Amino acid sequence: MPSFQFRISPRRAAVARFIGDVRVALQRALAEEEAKRGTTKSEVARRLGVHRSAISRRIKGTDNITLATLAEMAWAMDRDISLRLVSHETSVGANEFQTTTTQPPGLEKGSRTVTFTNQATKFQPVPR
Amino acid sequence: MATLATLEGDGILVRVDVPLPPRTQPWRRIYGSQGFIVWLETALPLIPREWDALVEPDQQVYDLLQRFIAGEPLTWKKEFHPMSPVGHGVWELKTPDTRIFGWFAVGDCFVAVEGHDASRVKKHDLYPGFRDSVVRFRENLDLDHPKYVAGDDRNAVLSVSD
């Protein structure tokens, strides 16, 4: 029995995946900040001067998050945004089993195109 | 008695595949009832976008299924949770505008029986009906026991890929 291939247009799939990536990255960053430094959703809201529910709506996707609000969210979590536009040339056929891999530097298996990097770890002084 | 593979071979269950991103291999499986497949094809594209500012319901489901099959972490309660009473072993997969009801046959293997418009499910409290529909569908399957993962332990139903 053949499987059912659930497909939408590549263009709409790309949009869905990217927006999903952004929301997942936001959720994970917030969860990590809360666990490591106790930075709660309420604290992020306080720093941005908005109600806590506004932060929830942005993360859930109920509100349209713009690039500006995304940057503000990252700032309020003491994070930098890392965004990569990866060429399809390095991706074609990469789902298939390969005996050798030639993936671009810094692009791990199944990795996302959007991440929020913690500033504290990014600017760690080099040990002498 | 039958296995999932037998039921798939008989056309009672249909394996659902979604194109995965580069460098990603399938980690979890999802099967659908014939009714669920019809819902994916015909009803889902017609569901109005209400609770998501940017992404249409079919795009929401596409992203959820892609991340499910890829073995990525799903958000507890926001994207998946057990239905009450947990003894029935019925679970709900969620996007802002859709609800998918089914059960975990084994860990990382979900059988979707019903899909619906989230707003209608909430407005008319259709949860008990869909839960019972999943239980009836499962009871009528000549599937090897245990037919489902019991309990509400999220780690028993989903593992995460490396």
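Observations
- Among the listed pairs B:K77/B:K147; A:K41/B:K122; A:K41/B:K94; A:K36/B:K123, those with a Cα-Cα distance over 29 Å are A:K36/B:K123.
- Taking the number of Cβ atoms within 10 Å of each Cβ as an exposure proxy, the fewest-first ranking of B:E50, A:E32 is B:E50, A:E32.
- Look at A:L85, B:L143 and count the other Cβ atoms within 10 Å of each Cβ; fewest to most, that gives A:L85, B:L143.
- Among beta bridges identified by DSSP and lying wholly in the protein assembly as shown, the antiparallel ones come to about 75 percent.
- Shape call, segment B:1-70: gyration tensor on alpha carbons, a/c limit 1.5: oblate
- Shape call, segment A:8-62: gyration tensor on alpha carbons, a/c limit 1.5: oblate
- Residue exposure sequence - B:E41, A:E33 - by fewest surrounding Cβ within 10 Å: B:E41, A:E33
- Treating each Cα of chain B as an identical point scatterer and summing with the Debye formula, the log10 of I(q)/I(0) at q = 0.14, 0.18 Å⁻¹ comes to -0.68, -1.17.
- Highest-fluctuation residue, B:P57, B:P146, B:P22 considered, GNM on chain B with Cα pairs under 10 Å: B:P22
- Cα gyration tensor shape of segment B:78-162, rounded if a/c is under 1.5, else prolate or oblate by comparing a/b with b/c: oblate
- Chain B - percent relative contact order, Cα under 8 Å, separation 6 or more: 25
- Mean residue ellipticity at 222 nm, helices only, chain B: -7500 deg cm²/dmol; runs of at least 4 DSSP H residues each add -39,500 (n - 2.57), and the sum is divided by the number of residues.
- Cross-link reach list, aspartates and glutamates versus A:K60, counting only Cα pairs under 16 Å and skipping chain neighbours closer than eight places: A:D21, B:E50, B:D52, B:E56, B:D63, B:E79, B:D97
Every number here is computed from the coordinates shown, using simple stated rules; none is lab data. Every value quoted in this text rests on a predicted model; they were computed, and no experiment measured them. Here the Cβ is made from the backbone with ideal geometry for all residues, glycine too, and neighbour counts use every protein chain on show.
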